Amino acid sequence: MTTMLLTESFAERGARERARALLDPQTFRELIGPFERIASPYLAAQGVVPQSDDGTVVARGTIGGVRACVVATDGRFLGGSIGEIGGAKIAGALELARRDAQRGTPTRMVLALDTGGIRLQEANLGILAVSEICDAIVALRELMPVVAVIAGRVGVYGGLSLSTALCSEIIVSEGARVGLNGPDVVETESGIEEMDSSDRPLIWRVTGGRLRLRQGFATELVSDDVPAIRDAIARAFETPNELGPLVAQVFPDPRLARDDFLRAMEIQP
Amino acid sequence: MIETLTYEFPATQSVEHRAHVGVVASGNCEILLEPAKDGRSAVVVRTSVNGFGGTWQAVLGRFFARNPVAVQIEINDFGATPAVVALRLEQALESAQ
């Protein structure tokens, strides 16, 4: 009970408050915030109410006194899904961080993702965004660590799980889940014998943070506690894991990965 | 389809800052509140739940009767109940002062 009362939950916060919590106190400065009103232009036409920040928050500030940028997606708005605007915000932030690193003023990049993946209402644009984000992560990873924090209520599924796997450090909480297809998708596509999406213990056993750490798809497991997550982020930047997560070890160059895949499919790369 | 509603209220007081509260999530709404110059308040509501214009009028009317502030308000609603809307309005006003 004492521990519960002393814990500063990360998962209970919204995206903006998560970004604020990960940056040093009083350094939060949002880029393309809600008053810029750069919301998705596609949702209203499909009968869905848009959100003024498109569910993605990009904030500058410092982490451990060093220039930093935190990207946080809000799992409460359309499942944290990524459309054209949110995707462009993330890719743009990564691209700026790469330019900063090349100019000798490194920006610590943290992706605090909580997302079901690409937004179905903007499917093609979402797919394009994911590929841009993947490219940008790989380019930045060459210069400095790219840290993903998966500690929200949704976790990371779908297209963004591919981008996350490319990060050099992946911090997960026990309550978070990481997977390509979410439980509902697996049940719909492969039947209830394959996965019963109402079986919550099963879902965490096969996609939960603890398992992902043991499989090598994450580099650190944290509790749902802001100071614990901040400590893990500081460690990730100060003593980066040389090898990175499993995916980065197996596929150091995504172009090689593509060629390997095509060869496996008996297609000439 | 989305319903867009607009309202106007007379105002005598002013606020210092703009404020952004809430989230477009089930049973919730997002409110953007900005100081307005002329002595009127304007509210634009975009909601996924149609046919509640009268309820919005009542909730907003009560808010502005208690707080006659000159503000521009934009609400993106995803089925928030009147109580949630009232609390979000109070929260936005508190953050703006």
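Counting just the Cα atoms, what span does the range A:104-151 cover along each of its three principal axes? Round to the nearest Å and put the largest first.
Computed over the Cα atoms, the extents are 39, 24, 14 Å.
Calculate the translational D of the range B:19-74 in whole µm² s⁻¹ from Stokes-Einstein, where the hydrodynamic radius comes from the Kirkwood formula applied to all Cα pairs, the temperature is 4 °C and the viscosity 1.567 mPa s.
Approximately 106 µm²/s, per Stokes-Einstein.
Over the range A:2-264, what per residue volume does the convex hull of the Cα atoms give, in whole Å³? Walk me through the numbers on the way to the answer.
Details: hull volume 37.6 nm³, N = 263.
Given the Cα convex hull of the range A:2-264, per-residue volume reads 143 Å³.
Mind giving me the nanometre distance, one decimal, between the label points for B:Gln57 and A:Ile127, set 7 Å out from Cα along Cα→Cβ?
4.8 nm
Could you please report the charge total around A:Arg177, scoring K, R as +1 and D, E as -1 over all other residues with beta-carbon less than 11 angstrom from its beta-carbon?
Taking every other residue near A:Arg177 into account, the sum is +3.
Is the shape of the range A:1-59 best called rounded, prolate or oblate, per the rule: a/c under 1.5 gives rounded, else a/b larger than b/c gives prolate, else oblate, with a ≥ b ≥ c the square roots of the Cα gyration tensor eigenvalues?
Because a/c hits 1.5 or more and a/b fails to exceed b/c, the range A:1-59 counts as oblate.
For chain B, go through all pairs of different Cα atoms, get the mean of 1/r, take its inverse, and jot down that Kirkwood value in Å.
Evaluated on chain B, it is 13.0 Å.
Less than 20 Å from a label point 7 Å out along the Cα-to-Cβ axis of B:Gln13: which backbone N atoms in the range B:49-81 qualify, by residue?
B:58-74
Would you tell me the mean number of C-beta atoms belonging to other protein chains that fall within 10 Å of each C-beta in B:25-33, as a whole number? Spell out each step's value before the answer.
On the way: counts 9, 1, 0, 2, 1, 8, 2, 4, 0.
Mean shielding count: 3.
Determine, for A:Met109, A:Met144, A:Met195, the number of other Cβ atoms within 10 Å of each Cβ, and report the residues in order from fewest to most. Write down the numbers at each step before the final one.
Working: A:Met109 28, A:Met144 18, A:Met195 22.
Going from least to most buried by this count: A:Met144, A:Met195, A:Met109.
If R₀ is 30 angstrom, what is the calculated FRET efficiency for the pair A:Arg214 and A:Leu6, using the beta carbon separation as r and rounding to 0.05?
0.65
In nm, give the distance between the simple-model label positions of A:Glu189 and A:Leu202, each being 7 Å from the Cα along the Cα-to-Cβ direction.
It works out to 1.7 nm between the two label points.
In peptide B:69-81, what is the residue-averaged number of other protein chain Cβ atoms found within 10 Å of each Cβ? Don't skip to the answer; put the middle values down first.
Working: counts 0, 0, 0, 0, 0, 4, 1, 8, 1, 6, 1, 0, 0.
If you average over the peptide's residues, the count of other-chain Cβ atoms is 2.
Starting from the Cα gyration tensor of the range A:74-114, take the square roots of the eigenvalues, sort them a ≥ b ≥ c, and report rounded, prolate or oblate (rounded when a/c is under 1.5, otherwise prolate if a/b is larger than b/c, else oblate).
oblate
Where a number appears in this text, it was derived from the coordinates with a stated rule and is not lab data. As the structure is a computational prediction, the values presented were derived from the model and not from experiment. Cβ atoms come from the backbone with ideal geometry, glycine included; neighbour counts cover every protein chain shown.
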